[in-house]
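Before any comments, here is the structure.
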Amino acid sequence: MKVLVTGGAGFIGSAVVRRAISDRGYSVVNVDVLTYAANLANLASVDQDERYSFEQVDIRDGEALEQVFRRHDPDAVMHLAAESHVDRSIEGPLAFVDTNIMGTATLLQAARAHYDSLRTERKEAFRFHHISTDEVYGALGPTGFFTETTRYAPNSPYASSKASSDMLVRAWGKTYKLPVVISNCSNNYGPFQFPEKLIPVVILKALAGETIPVYGDGSNVRDWLYVDDHAEALLTILERGRLGEIYNVGGDAEVSNLDLVKQICKIIDQELDRKTPSEDLIKFVTDRPGHDFRYAIDADKIKSELGWTPSVTVEQGIAETVRWYLENRDWWQAIQARGHQQERIGLTKGTGA
Ligand code: NAD
């Protein structure tokens, strides 16, 4: 099987590419324009493999996409390319509208033209798998879970751009009969995550002995999923998910931001044998505007229908992740050398695009 993966140089996309090649033996075409969030070093373990190829293409460029489809003739698409950071979407929402909505529509058109050109038996096997987020459902109070039928109520520009892209995928399935499947996942963490998201920011701040910012009072709750467990879920959905369906993916691992930060600090103190607790570096800072209080996923459908289940607990996954950042300093120091210093953004002051 040959899979066209968009956003394969990003955090989750690279985990999917590595697993698709090493575990499944698939051929992969990685379509990625290489924004600030991309890192080809994430693919070092597979980039010499003859089953891997790379196309530096923007998903908003329909002509270039059509050429890629013609050149590689894929059997499936896994669409992960996106602007993905909520704080950036608050700072500059239009880039999110552009990439996540227009980019998805452009990709859908190219995939549709490719699908229409296939012979019947290849048509039957073809899949367009759209990878989305649980943030489309908005915020939960202290109880309850998101299911696949929860009403969409996105609150941030990021979440609303992803919600729009989900709707486009649905429409291309209904109107043009493109065989689509959608998955909505909770917060991911693990190796190779760009140091602007909570977990790598906390790890790097703690390692540097710098103030660790916690938004608001730290009581916001997220469900955390280890990135390799997400990659496995995504390949499982591609292979066995029912067409036209939505699958929620989560880690059954709800933790408040403050507890998570404290957990990371403890692991760092143990690993580095620190006498002064890293927790002392925590500082509560102005909350994120429109900060959703709680996300929690009911992942029963993917578990019961497809037999997927997370392989690690959040405690194991976090410990593994902290050790990875300790052992792979070259990876994040190269990013810092490019000027990314985990600075705070997204306080609604800017009107930038
Ligand atoms: P990421 O920011 O690490 O990577 C995104 C990748 O997309 C980058 O390699 C970037 O270069 C590429 N890209 C961006 N714009 C592009 C364009 N116009 N054309 C081609 N490539 C482009 O993101 P991530 O955290 O790996 O998330 C991947 C997907 O999973 C996204 O669609 C995101 O919405 C979704 N998701 C993420 C999480 C999470 O916790 N990170 C949770 C649920 C869903």
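Specify the residue that is farthest from the ligand (Cβ to nearest atom); the eligible residues are those in the stretch 152-210 that are over 18 Å from Leu238 (Cβ atoms) and of a type in the set (Lys, Arg). Residue satisfying both the conditions and the ranking: Lys177.
With Gly190, Gly209 as the choices, which residue is farther than 23 Å from Thr35 by Cβ and either small (Gly, Ala, Ser) or in contact (Cβ under 8 Å) with a residue 40 or more places away in the chain (or both)? Spell out how you get there, then give the answer.
Values: Gly190 fails: farther than 23 Å from Thr35 by Cβ.
On inspection, the qualifying residue turns out to be Gly209.
Would it be correct to say that Arg88 is touching a Phe, Trp or Tyr at 6+ places or on another chain (Cβ under 6 Å), charged (D, E, K, R) and assigned to a helix (DSSP H, G or I)? In short, no. The residue list His340, His291 contains one member that is within 26 Å of Asp217 (Cβ to Cβ) and either loosely packed, with under 12 Cβ neighbours inside 10 Å or in contact (Cβ under 8 Å) with a residue 12 or more places away in the chain (or both), which is His291.
Selection of the stretch 59-90 for residues being under 17 Å from Pro154 (Cα atoms) and either crowded, with 21+ Cβ neighbours inside 10 Å or more than 9 Å from the ligand (Cβ to nearest atom) (or both) yields Ala82, Glu83, Ser84, Val86, Asp87, Arg88, Ser89, Ile90. Confirm whether Phe126 is farther than 18 Å from Ala64 by Cβ and in contact (Cβ under 8 Å) with a residue 60 or more places away in the chain. Criteria not met by Phe126. Among the residues that make up the stretch 300-313, is at least one of them within 25 Å of Pro213 (Cβ to Cβ) and either surrounded by 18 or more Cβ atoms within 10 Å (Cβ to Cβ) or among the polar types (S, T, N, Q) (or both)? So far as the stretch 300-313 goes, no, none of its residues is within 25 Å of Pro213 (Cβ to Cβ) and either surrounded by 18 or more Cβ atoms within 10 Å (Cβ to Cβ) or among the polar types (S, T, N, Q) (or both).
Can you name every residue in the stretch 180-200 that is under 19 Å from Ala253 (Cβ atoms) and not hydroxyl-bearing (Ser, Thr, Tyr)? Matches in the stretch 180-200: Asn184, Cys185, Asn187, Asn188, Gly190, Pro191, Gln193, Lys197, Leu198, Ile199, Pro200.
Which is within 14 Å of the ligand (Cβ to nearest atom), crowded, with 17+ Cβ neighbours inside 10 Å and of a type outside the set (S, T, N, Q), of Ile12, Ile21?
Ile12
Is it the case that the stretch 192-206 has a residue that's aromatic (Phe, Trp, Tyr) and on the phi > 0 side of the Ramachandran plot? Quick ask: steps written out before the conclusion?
Here is the first cut: in the stretch 192-206, the ones aromatic (Phe, Trp, Tyr) are 192, 194.
Applying the additional criterion that residues be on the phi > 0 side of the Ramachandran plot yields 192.
Yes, the stretch 192-206 contains a residue that is aromatic (Phe, Trp, Tyr) and on the phi > 0 side of the Ramachandran plot.
Only residues that are part of a helix (DSSP H, G or I) and buried (at least 21 other Cβ atoms within 10 Å of the Cβ) were counted across the stretch 123-159, and they come to 7. Filtering the stretch 132-144 to residues that are within 9 Å of Asn184 (Cβ to Cβ) and not polar (S, T, N, Q) leaves Asp134, Glu135, Val136, Tyr137. Considering only residues in the stretch 265-298 that are aliphatic (A, V, I, L, M) and more than 21 Å from the chain's Cα centre (by Cα), the one that is farthest from Tyr158 (Cα to Cα) turns out to be Leu272.
A short reminder: the numbers here are calculations on the coordinates, not readings from a lab. For clarity, every value in this text was computed on a predicted model and none was experimentally measured. For neighbour counting, all protein chains shown are included, and Cβ atoms are generated from backbone atoms with ideal geometry for every residue, glycine included.
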